[in-house]
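All remarks here apply to the structure that follows.
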Amino acid sequence: MRTTLPLLTAFSLLITGCSYDDLAAVEIDQLALLDGSPEGIALLTFVNDSATTVSVLDDDVPLDSRAAEGIVAARALASFATVAQVDAVPYVGPSAIDKLAAYAVSLGLTPEQGDVLGTWDGVTFTVDEAAAVMELVNAASLDFLDDDVGLDSRAAEAIVEAQPVPSVAHLAGLYYVGANALNALLDAVAAVPEPPAEEEPPAEEEEPPAEPPYEDEFSYDAPALIPDGYGQLATTITVAGVPDEEVTVTLSVDLNHDATGDLSITLTDPQRDSLQVDVTGEEITQSVWTAGSPNGYWVLQVEDSVPGESGKLLGWSLEIVGVD
């Protein structure tokens, strides 16, 4: 890992989209900003390293000798899991935390870009993914998170009430924000695939062969538990790169559920029109397209309204084919 990212305040401004004045106005706590950030990861890596001795902390960082001794003594009992735990050591305060973060960054311990930042609720984020998700959730409205991203309305409300959310660690701790919500947010910020390069025309003066109709498939392949008898499971597929021409769209749903008759499934297209899916068994195929461009967010919601039998959504896909 190389040291290319700025320190705590600059990185926090980047991921939250705030100016310095904005941060002063909302008074975000220093530890909330640092926990789960690249600098926070670097700080914890540094203080948990056995090579970080009292003399290193006292002379090189440098900290108050009492803080240095306290950190090493606390580490001997258990590794630090959060920056707040480091801050709780006697004689360690905001100034010491800033010094530790700056020194850890100077050692090249900061994860960057494609490096793994951390895992929350079983969902792993790189530095780039975390920054993109933070930018999205701090700019998003309640309707966008609820309708376009497909989050549970309670999770969407918790995010909007917490804006600006300082980090993925803070985001994952919000009410009703779990693995499904984090995966849906990652899907929402996923890079749009580049369209295929155009083929050069043939050198000879002859009519080029007709191109076949457009055909592609977009899928959601992460199995997810369907809440038994309460709530909804909402997952999202982002469709992109479909040309502006007439197409058909076919939905396929793969379930693992012993009582599919208890389920109701709704598909919402990019125009926010909803269609009730016919639940005919564990494997469902249905033509679903109406009108307009299929590019955008598609949300599949599965609800089990009868307690007793549990099951999973194994995955679903959208097959898009151009019409001759």
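The values are calculated or read from the model by the stated rules, or taken from the named source; none is laboratory data. Just so we're clear, the structure is a prediction, and the values are computed from it rather than from any experiment. Cβ coordinates were reconstructed from backbone atoms using ideal geometry, including for glycine residues, and neighbour counts include every protein chain displayed.
One table, with the values for the structure above:
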read-out	value
Number of positions in the stretch 148-174 that are assigned to a helix (DSSP H, G or I) and crowded, with 17+ Cβ neighbours inside 10 Å	13
Contacts under 7 angstrom Cβ, first residue in the stretch 56-75 being closer than 14 Å to residue 99 by Cβ, partner of a type in the set (Asp, Glu) and crowded, with 17+ Cβ neighbours inside 10 Å, 6 or more apart	65/58; 68/58
Verdict on residue 276 being assigned to a strand (DSSP E or B) and surrounded by fewer than 14 Cβ atoms within 10 Å (Cβ to Cβ)	yes
Residue in the stretch 210-220 that is in contact with a strand residue (DSSP E or B) (Cβ under 7 Å, 6 or more places away or on another chain), hydrophobic (A, V, I, L, M, F, W, C) and either at pLDDT 85 or above or not assigned by TED's automatic domain parsing to the domain that holds residue 268 (or both) present	yes
Residue list for the stretch 80-132, filter: touching a strand residue (DSSP E or B) at 6+ places or on another chain (Cβ under 7 Å) and in a helix (DSSP H, G or I)	127, 130
Candidate set: the stretch 289-304, residues that are at pLDDT 85 or above and surrounded by fewer than 17 Cβ atoms within 10 Å (Cβ to Cβ); chosen: the one nearest to residue 180 (Cα to Cα)	296
Lone unmet requirement of (1) under 30 Å from residue 178 (Cβ atoms); (2) not in a loop (DSSP other than H, G, I, E, B) for residue 69	(1)
Yes/no for residue 241 being in a loop (DSSP other than H, G, I, E, B), out of contact with any Phe, Trp or Tyr (no Cβ under 9 Å at 6 or more places or on another chain) and at pLDDT 90 or above	no
Condition check for residue 13: more than 30 Å from residue 137 (Cα to Cα) and either at pLDDT 90 or above or not assigned by TED's automatic domain parsing to the domain that holds residue 128 (or both)	no
Hits in the stretch 33-45 (condition: hydrophobic (A, V, I, L, M, F, W, C) and over 11 Å from residue 75 (Cβ atoms))	33, 34, 41, 42, 43
Qualifying positions in the stretch 237-258 - of a type in the set (Asp, Glu) and under 26 Å from residue 185 (Cβ atoms)	254
Residue that is closer than 13 Å to residue 233 by Cα and of a type in the set (Ser, Thr, Tyr), where the choices are 264, 274	264
